[in-house]
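Below is one structure; the comments refer to it alone.
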Amino acid sequence: MNFHGKDIKIFSCNSNIPVAKQMADALGLKLGNADVKHFSDGEIAVSINESVRGSDVFIVQSTCAPVNNNLMELLIMIDAMKRASAGRITAVIPYFGYARQDRKAKARDPISAKLCADILTTAGADRVLTMDLHAAQIQGFFNIPLDHLLGVPLLAPYFDKKFAHNEKDDVIVVSPDLGSVTRARNFAARIDAPLAIIDKRRQRANVCEVMNIIGDVKGKKCVLIDDMIDTAGTITLAANALKALGATDIYASCTHGVLSGPALERIESSSITKLVVTDTIELPQSIRESEKITEISISALIADAIIRIHENRPLSPLFQMRVKSEDLV
């Protein structure tokens with residue numbers, strides 16, 4: 001029995017409306033009627049145009065660029081829902097911004113990920129649903145329930161389908177750094193491939209240098225797997241290094257295609273054959289038109305998680321989810 005709202009209502013702020021609509025469609029619902037506008041001075045105005053009293057409300061918003069605007073939109077809508085007597089408010093944050101600021105890297109650094117967790121709770125969120133946090137320990141920053149979905153169950157079937165059974169012996173999964181080894185190992189297990197690791201040394205933010213590759217990639221089809229790709233410096237440098245060591249084709253995949261700054265130019269000029277991302281972040285049209293980039297939808301996964309949360313059912317089966325081939329678009 002559900003004690004957290006009489007019905008499900010899906011609302012969206014402005015960061016990723018198409019995905020929110022797909023989630024609502026998957027649940028057989030209409031997207032909630034709300035306006036999120038900006039005054040001429042930049043202030044955000046939220047209007048909820050239907051009753052949410054007693055409802056189980058899910059607000060979809062990735063806190064991607066413009067990060068601070070998107071975060072404030074989410075906070076203000078949460079506050080509006082709380083003041084409108086929603087039964088429960090779940091912040092659905094496919095991409096959680098500030099996640100890379102999860103520790104003090106040097107003296108007097110802030111821990112901005114913890115601050116974001118605190119202000120979401122203070123605004124009135126009762127629960128958070130997100131995907132592939134940059135550091136899994138961020139779950140501990142929240143004093144409310146957090147459901148943490150993974151991108152690997154969505155990305156792995158794409159490559160499982162792409163490589164025929166007689167090609168599997170030529171495929172190797174590559175972790176672009178030591179921090180992604182666990183993710184890469186799980187990915188490799190799903191497509192039944194061996195694992196290689198790139199040891200890199202980062203000189204400064206968004207700039208790194210490949211130092212060593214652990215594993216034999218000569219004559220192999222390589223699949224690089226990471227949680228996010230931002231300026232694409234790390235992933236393209238890794239791809240070029242793999243190519244120099246004799247890899248035949250280099251594929252890259254990630255859950256969050258941040259793809260800021262020179263990312264598209266770097267990807268286009270790199271040794272990457274294909275980059276596969278999910279749509280946790282709505283990509284600009286110029287990036288979506290690139291022949292090197294393919295998107296996989298998260299809407300079915302998130303919609304399944306939403307109905308499970310509403311019905312108080314476990315989310316653990318979603319970690320084994322395998323999407324249908326027609327969903328790999």
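Brief remarks on what is shown
- Candidates Asn240, Asn212, Asn16, ranked by Gaussian network fluctuation over the chain, Cα under 10 Å, top entry: Asn212
- Of all DSSP beta bridges confined to the chain, the antiparallel ones make up roughly 25%.
- Structure-based [θ]222 nm, the chain - -39500 (n - 2.57) summed over DSSP H runs of at least 4, per residue, nearest 500: -8500 deg cm²/dmol
- The separation of the stretch 243-292 from the stretch 14-33, counted between C-alpha centres, amounts to 26 Å.
- Principal axis extents of the C-alpha atoms in the chain (largest first, rounded to whole Å): 61, 46, 35.
- Portion, in percent, of the accessible area of the chain that falls on carbon or sulfur, probe 1.4 Å: 49 percent
- What you get for the chain, charging only the Cβ of Lys and Arg (+1) and of Asp and Glu (-1), is a dipole of about 660 debye around the Cα centre.
- The chain: angle of helix 181-191 to the longest principal axis, Cα-based, in degrees nearest 10: 80 degrees
- Between Arg108 and Thr248, full extension at 0.36 nm per residue minus the direct alpha carbon distance yields a gain of 45.9 nm.
- Straightening the chain between Ser316 and Ala84 buys 80.3 nm, computed as 0.36 nm per residue apart minus the Cα-Cα spacing.
- Relative contact order of the stretch 80-136, pairs being alpha-carbon contacts under 8 Å that are 6 or more residues apart, as %: 48 percent
- Accessible solvent surface per residue of the chain, calculated while the other protein chains remain in place, 1.4 angstrom probe, Å²: 45 Å²
- The dipole here belongs to the stretch 219-322: it is taken about the Cα centre, uses +1 on the Cβ of Lys and Arg and -1 on the Cβ of Asp and Glu, and is about 420 debye.
- Whole-number percent relative contact order across the stretch 39-95, with pairs defined as alpha carbons under 8 Å at least 6 apart: 48 percent
- The chain: relative contact order as a whole-number percent, Cα under 8 Å and 6+ apart: 14 percent
- Amide H contacts under 5 Å for Ala196, placed H, 5+ residues apart: Val173, Val174, Ser175
- Taking His310, His256, His38 as the candidate residues, the one with maximal mean-square fluctuation in a Gaussian network model of the chain, Cα springs under 10 Å, is His38.
- Taking Arg266, Arg103, Arg183 in turn, the Gaussian network model of the chain (Cα-Cα springs below 10 Å) assigns the largest fluctuation to Arg103.
- In the stretch 68-158, a dipole from Cβ-located charges (positive for Lys and Arg, negative for Asp and Glu) runs towards its positive end, and of Ala107, Pro157, Ala123 it is Ala107 whose Cα lies farthest in that direction.
- Residues whose placed amide H lies under 5 Å from that of Ser297, excluding near-sequence neighbours: Val329
- Solvent-accessible surface ranking, highest first, for Leu315, Leu150 at 1.4 angstrom: Leu150, Leu315
- Cross-link partners of Lys114 among lysines, defined as those whose alpha carbon lies under 17 angstrom from its own and excluding same-chain residues fewer than eight positions apart: Lys104, Lys106.
- Karplus-derived 3J(HN,Hα) values for the stretch 279-296, using 6.51 cos²θ - 1.76 cosθ + 1.60 with θ = phi - 60°, are 9, 4, 10, 6, 7, x, 4, 4, 7, 5, 7, 5, 5, 8, 10, 10, 10, 10 Hz; glycine and proline are entered as x.
The values are calculated or read from the model by the stated rules, or taken from the named source; none is laboratory data. As the structure is a prediction and not an experimental result, all values here were calculated from the model. Every residue, glycine among them, receives a Cβ derived from its backbone with ideal geometry; neighbour counts consider all protein chains shown. SASA here: full protein model, heavy atoms, side chains in, ligands and nucleic acids out. Shrake-Rupley method; radii C 1.70, N 1.55, O 1.52, S 1.80 Å.
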